[in-house]
Amino acid sequence: MSASSAAAPGTGAKPNAGLAWLARIAELRAWLFLLILVVFFETWAQVAYGVTFFGSSYNLQSIAVFAVAPLLLALGSTFVIISGGIDLSIGFVMGLSAVVAAHGVNIAGHWLSPFPAMLVGIVAGLLVTLVPGKINGLLIAKLNIPPFIGTLGMFGVARGVAFLIAGGTTVPVSNHWFASLGNDRIFGLPYVVLVTVLFLIGMHYLLSQTRFGQHTYALGANEQATIRAGIDVDRLKQRLYMLSAFCAGIGGVLYAARFTAGAAQAGEPLLLDSIAAVVIGGASLFGGSGTVFGTVAGSLVIAVIQYGLVFINVEPFWQFVAVGCVIIISVLVDQTQRRFTER
Amino acid sequence: MATETGPILDVRNIYKRFGGVQALDDVSMNLYPGEVVALAGDNGAGKSTLIKAISGVYRADEGEIVLAGEPVHFASPEAARGAGIETIYQDLALADNLSIGANIFLGREPMRNMFGFLPVLDRRKMAAAAKETMARLDFHVSRLEAPVGRFSGGQRQAVAIGRAIYWNARVLIMDEPTAALGVPEQRKVLSLVQTLKTQGQGVIFISHNLHDIFAVADRIFVLRRGQLAGERRIEDTNPDEVVRLMVGG
């Protein structure tokens, strides 16, 4: 309880400015991590090899391309985690989408010229994700299955279905437009990065400027209050899990374009990285807090660690150790901040 | 509202039975605008059944509830709230991570168009409404963007009440509003109730604390075992009599 509570009504309601600062720093911790990593790798590269790390546009582009897929998964997870849920199915929903997109492009290519065939494949890959997303939403909203369990079940279902559709192998695509989407650049900026940047701006708008975003925060803080405010929480949850699956779908489509092949296991190694990115970015797994730009920073932290360690020639296994340490530090910062700022 | 003289809320001869228990047995009470009515009674006396019948959680078996001269039958708490009967719960039903304004407007957020076409949340309007509403309650808040989780218990209570009055609640039901608060905060909440009263709001105040009741209430209804044990004007009674009514004998 603040010291001002002893005053008469009318003089209180001033949260301590120092605590507000602490909260601000904790909120921006992902950017601080990123800054520290940049300084670290740049120093190392200069001292050990006499080259610049971040001065190289090749390195920057590689890091950006590297960060795209986990970031797309993480964007959807940002919403779900803010709402107090979790979506484990996205790893294989991404694979499902990649496989369906690859098949879609190939099958449509029998009748259509390459460009519309690509569009058909992209739309198919995106639409298919709405099925697992909707089912996740129904399980969680209508049947009250805990998100961890419901989406873990969907993780298995999507994995199986993706492999079945793929015939147990990778599905190669031959479509030059699709390959160009995944690998070419415009003004030096890879298309996949451009698409991701545009999408994340849209997601930032959705989270910070719309009722949907506002209700997502409220749901994560106090579900009872959200229901009492007359918000249709069931529908909100269904939309959240469909959005999460859709983000995984964009990741899957871009994956298939980049590697000109759809693979069921495309997203498997990215699931935990994407959740880590959300947490490093300042979201709480208890729900109620997080931002899109925090998640962007979190994804960049992970990508810089992974790419940077390879660049400075450290054994790649160290990246798991480094990412793990950053997650733990990040959660510790969050908890410390909470202890001081909440009553 | 043509109820300058009549009661804003008139509860007439309510009965409610749960299995073998007669929870409310011919209970009547009323509330005038600008009046604070206290409900007192031991645990299980029927206080919370009565407010749940008023706020649409339960349906009374028999009897009538008249709001501003019109008989009402609420199918749900939402319907009661829509008609202007708002219950301020102890757990406050606030989203701690949102600002005062966002809490006031939760579920009914105002939008504006950015660049003439892009709908965005109208945070300025929410902040202005928050400032105005809190000032009406004599709480002057400097940091309107801070999440309500950073405020104290009494301030948060004011936010919950502010939301109710912003949306034109006519009857405010406060269930043990001073429980779980420190003494200075309790005083703040009591003076908040006084402020509501001077603004013509009708308040039903449920409390175990006779000291609080005598500090703010105009009238007191005492329940005992589902029945109305007595109704007194606060100036015509004293704590000893109220306790006698509560325990019987």
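The values are calculated or read from the model by the stated rules, or taken from the named source; none is laboratory data. This structure is a prediction, so every number in the text was calculated from the model and none was measured. Virtual Cβ from ideal backbone geometry, glycine too; neighbours counted across all protein chains shown. All accessible areas refer to the heavy atoms of the entire protein, side chains included, with ligands and DNA or RNA removed. Shrake-Rupley method; radii C 1.70, N 1.55, O 1.52, S 1.80 Å.
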What's the magnitude of the charge dipole for the protein assembly as shown around its Cα centre, counting Lys and Arg as +1 and Asp and Glu as -1 at the beta-carbon? Answer in Debye, nearest 20. 660 debye
Taking the Cα centre of chain B as origin and charging only Cβ (+1 Lys, Arg; -1 Asp, Glu), how large is the dipole, in debye to the nearest 20? 800 debye
About the Cα centre, and with charges only on the beta carbon of Lys, Arg (+1) and Asp, Glu (-1), how big is the dipole of the range B:96-168? Nearest 20 debye, please. 80 debye
Gained length - A:Val39 relative to A:Leu194, 0.36 nm times residue gap less alpha-carbon distance: 53.2 nm
Strictly over 28 Å apart at the Cα level, which of B:Lys52/B:Lys131; B:Lys47/B:Lys125; B:Lys16/B:Lys197; A:Lys142/B:Lys131; B:Lys52/B:Lys197; A:Lys237/B:Lys131 would you flag in this model? B:Lys52/B:Lys131; B:Lys47/B:Lys125; B:Lys16/B:Lys197; A:Lys142/B:Lys131; A:Lys237/B:Lys131
Over all pairs of distinct alpha carbons, what does the Kirkwood formula give as the hydrodynamic radius of chain A, in Å? 21.1 Å
For chain B, what is the relative contact order in percent, using Cα pairs closer than 8 Å and at least 6 residues apart in sequence? 27 percent
Which value, in square angstrom to the nearest 100, describes the accessible area buried between chains A and B on both sides, using a 1.4 angstrom probe? 3200 Å²
Counting only C-alpha contacts under 8 Å and six or more residues apart, can you give the relative contact order of chain A as a whole percent? 32 percent
So what is the diffusion coefficient of the range B:96-168 in µm² per second by Stokes-Einstein at 4 °C and 1.567 mPa s, using a Kirkwood Rh over Cα pairs? 104 µm²/s
With each pseudo-label sitting 7 Å past Cα toward Cβ, what's the A:Ile312-A:Gln224 distance in nm, one decimal? 5.0 nm
Given a Förster distance of 25 Å, the FRET efficiency implied by the Cβ-Cβ spacing of B:Tyr15 and B:Asn168, rounded to the nearest 0.05, works out to 0.25
Out of all DSSP beta bridges in the protein assembly as shown, what portion is antiparallel? Express it as a percent rounded to 5. 60 percent
A:Val157 accessible area, nearest 10 Å², 1.4 Å probe? 80 Å²
From largest accessible area down, sort A:Asp273, B:Asp240, B:Asp42, A:Asp87; use a 1.4 Å probe on the protein chains. B:Asp240, B:Asp42, A:Asp273, A:Asp87
Separation between Cα centres of the range B:188-215 and the range A:115-142, rounded to whole Å: 54 Å
Sparse-neighbour loop sites [chymotrypsin sites (Phe, Trp or Tyr not before Pro); the range B:114-176; at most 15 other C-beta within 10 Å; DSSP]: B:Phe115, B:Phe117, B:Trp167
Counting only GluC sites (Glu not before Pro) that are in a DSSP loop and have at most 15 other C-beta atoms within 10 Å, tell me the longest site-free stretch of chain B. B:5-144
If the chain between A:Phe320 and A:Thr52 were fully extended at 0.36 nm per residue, the gain over the current Cα-Cα distance would be 94.1 nm
Looking at chain B, identify the longest residue range that excludes and avoids all trypsin sites (Lys or Arg not before Pro) in DSSP loops having at most 16 other Cβ atoms within 10 Å. B:144-224
Determine the principal axes of the Cα atoms in the protein assembly as shown, then give the extent along each, sorted from largest to smallest and rounded to whole angstroms. 89, 55, 46
Please name which of B:Asn168, B:Pro7, B:Ser76 has its Cα lying farthest along the dipole of chain B towards the positive end, using unit charges on Cβ (Lys, Arg +1; Asp, Glu -1) and the Cα centre as origin. B:Asn168
Cα centroid separation, the range A:244-287 to the range B:103-121 (Å): 30 Å
How far apart, in nanometres, would the label points at B:Met114 and B:Arg225 be if each is projected 7 angstrom from Cα along the Cα-to-Cβ direction? 6.5 nm
Charge dipole (the range A:244-343, unit charges on Cβ, about Cα centre) - positive-most of A:Ile302, A:Gly267, A:Leu332: A:Leu332
Alpha-carbon centroids, the range A:225-243 and the range A:76-108: separation in whole Å: 21 Å
Rg to Rh for chain B: what is it, with Cα atoms only and Rh by Kirkwood? 1.00
Chymotrypsin sites (Phe, Trp or Tyr not before Pro) within the range A:213-322: DSSP coil, no more than 10 neighbouring Cβ in 10 Å: A:Phe317
Would you mind counting up the charge near B:Ala23? Only other residues with Cβ under 15 Å from its Cβ, with Lys and Arg at +1 and Asp and Glu at -1. +2
Find which of A:Val195, A:Leu126, A:Gly156 sits farthest along the positive direction of the dipole of the protein assembly as shown, computed with +1 on the beta-carbon of Lys and Arg, -1 on that of Asp and Glu, about the Cα centre. A:Val195
Estimated 222 nm signal from helices in the protein assembly as shown, with DSSP H stretches of n ≥ 4 weighted -39500 (n - 2.57), rounded to 500: -17500 deg cm²/dmol
Between B:Ala75 and B:Gln199, what is the label-to-label distance in nm when each label sits 7 Å out along the Cα-to-Cβ direction? 3.2 nm
If contacts are Cα pairs under 8 angstrom and at least 6 residues apart, what is the relative contact order of the range A:106-255 in percent? 40 percent
If Rh is defined by the Kirkwood formula over all Cα pairs and Rg also comes from Cα, what ratio Rg/Rh do you get for the range A:245-322? 1.02
